[in-house]
1. Within segment 134-141, identify whether any single residue is under 15 Å from Phe210 (Cα atoms) and either in contact (Cβ under 8 Å) with a residue 24 or more places away in the chain or not aliphatic (A, V, I, L, M) (or both), and answer yes or no.
2. Can you name every one of the strands (runs of 3 or more DSSP E) wholly within segment 150-217 that holds 1 or more residues which are among the hydroxyl-bearing types (Ser, Thr, Tyr), in contact with a strand residue (DSSP E or B) (Cβ under 8 Å, 6 or more places away or on another chain) and not assigned by TED's automatic domain parsing to the domain that holds Tyr111?
3. Can we say Asp128 is in the same structural domain as Asp230 (by TED's automatic domain parsing) and either within 22 Å of Gly234 (Cβ to Cβ) or not basic (Lys, Arg) (or both)?
4. Here are some residues: Thr97, Thr85, Thr58, Thr76. Which one is at pLDDT 65 or above and under 17 Å from the mean Cα position of the chain (by Cα)?
5. Within segment 177-200, is even one residue under 21 Å from the mean Cα position of the chain (by Cα), surrounded by fewer than 17 Cβ atoms within 10 Å (Cβ to Cβ), of a type outside the set (S, T, N, Q) and more than 14 Å from Gly145 (Cβ to Cβ)?
6. Tell me which residues, restricted to segment 203-220, are closer than 18 Å to Asp160 by Cα and among the aliphatic types (A, V, I, L, M).
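The values are calculated or read from the model by the stated rules, or taken from the named source; none is laboratory data. Keep in mind that what you see is a predicted model, and the values were worked out from it rather than measured. Note: ideal-geometry Cβ built from the backbone for every residue, glycine included; neighbour counts use all protein chains shown.
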Amino acid sequence: MQIQTKSRARIVIGVLILVLIASFTGWLAARKKSDIKTPDNLIKNQGIIVHGNISAYTSTRDNKNVIVINQNGIETIADSVPNDTQSPDEYERALHTQNFFKLQFSQIGNYLQYTVGGYENSELRVYDIKNKKLAFRNDNGGGHGEFNAQEKLYFFCNSDDFSGDYVARVYELPEFKIKLDLLKQVPGFSKSFLPQISCSFDQEKNLATFGIKTFNADNQLKINKVYKFDFNSGELIN
């Protein structure tokens, strides 16, 4: 009798252990599943970028691709471009459709920079979040632009042979007034000499570097200059 009681007790204990193990396994799986849905991953999956209490994302509304900015729960359509879903011809749809890429907030969060791309064209734009307006655009092949840490200056360069747009400038904010038009200071510079223009920004040194090259008809290097602009002093340092 005692042997049967002990056996039953062992069975009960074993069942309880199995139940506990199953419960723990289920809890662990549920926890891992919830861990996947962290804010960072959720933001990445939905194409949302966040800066403090401001977020921005792309969407489609009324047959248009749009950029939506959400600030403290209030949404604003910052920009919109055509989205042709009606044309039966694939080429026509591509020709009349544009999309938004590379959404990026400025350091403080006063501006949203992004690229508009369509069939064989691209354009860089900057949206002024505070004043709710398009503040800057370059519709000649995109280009590259960055803000300094204080968001008082913005530098931009572009080198597009197709449109013939060659730019190396520094702008004063918030008006985006030209402070420096570097190509006007390069001795002997001409757009007819097949220019190559590049620019980069060192955030630690607060320094923008412009590289400017031109070539003659025989593809021989004619001009090879490097200029540095100090955002701390607001001056060209060489």
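1. Keep residues of segment 134-141 that are under 15 Å from Phe210 (Cα atoms), which gives none.
Within segment 134-141, not a single residue is under 15 Å from Phe210 (Cα atoms) and either in contact (Cβ under 8 Å) with a residue 24 or more places away in the chain or not aliphatic (A, V, I, L, M) (or both).
2. 153-160, 165-172, 196-202, 207-215
3. Details: in the same structural domain as Asp230 (by TED's automatic domain parsing): no; either within 22 Å of Gly234 (Cβ to Cβ) or not basic (Lys, Arg) (or both): yes.
Criteria not met by Asp128.
4. Details: Thr97 fails: under 17 Å from the mean Cα position of the chain (by Cα); Thr85 fails: under 17 Å from the mean Cα position of the chain (by Cα); Thr76 fails: under 17 Å from the mean Cα position of the chain (by Cα).
Unique residue meeting the criteria: Thr58.
5. no
6. The initial filter retains those residues of segment 203-220 that are closer than 18 Å to Asp160 by Cα, namely 210-217, 219.
Once the filter is applied, which keeps residues that are closer than 18 Å to Asp160 by Cα and among the aliphatic types (A, V, I, L, M), segment 203-220 yields Ile212, Ala217.
This table checks each residue for (1) in contact with a Lys or Arg (Cβ under 9 Å, 6 or more places away or on another chain); (2) under 17 Å from Arg125 (Cβ atoms); (3) in a strand (DSSP E or B); (4) among the hydroxyl-bearing types (Ser, Thr, Tyr).
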| residue | (1), (2), (3), (4) |
| --- | --- |
| Val50 | no, no, yes, no |
| Ala56 | no, yes, yes, no |
| Val66 | no, yes, yes, no |
| Thr76 | yes, yes, yes, yes |
| Ser80 | yes, yes, yes, yes |
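A quick yes/no check of all residues on (1) within 19 Å of Arg137 (Cα to Cα); (2) surrounded by 10 or more Cβ atoms within 10 Å (Cβ to Cβ); (3) modelled with pLDDT under 90:
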| residue | (1), (2), (3) |
| --- | --- |
| Asn41 | no, yes, yes |
| Val50 | no, yes, no |
| Val68 | yes, yes, no |
| Gln71 | no, yes, no |
| Asp89 | no, no, yes |
| Phe105 | yes, yes, no |
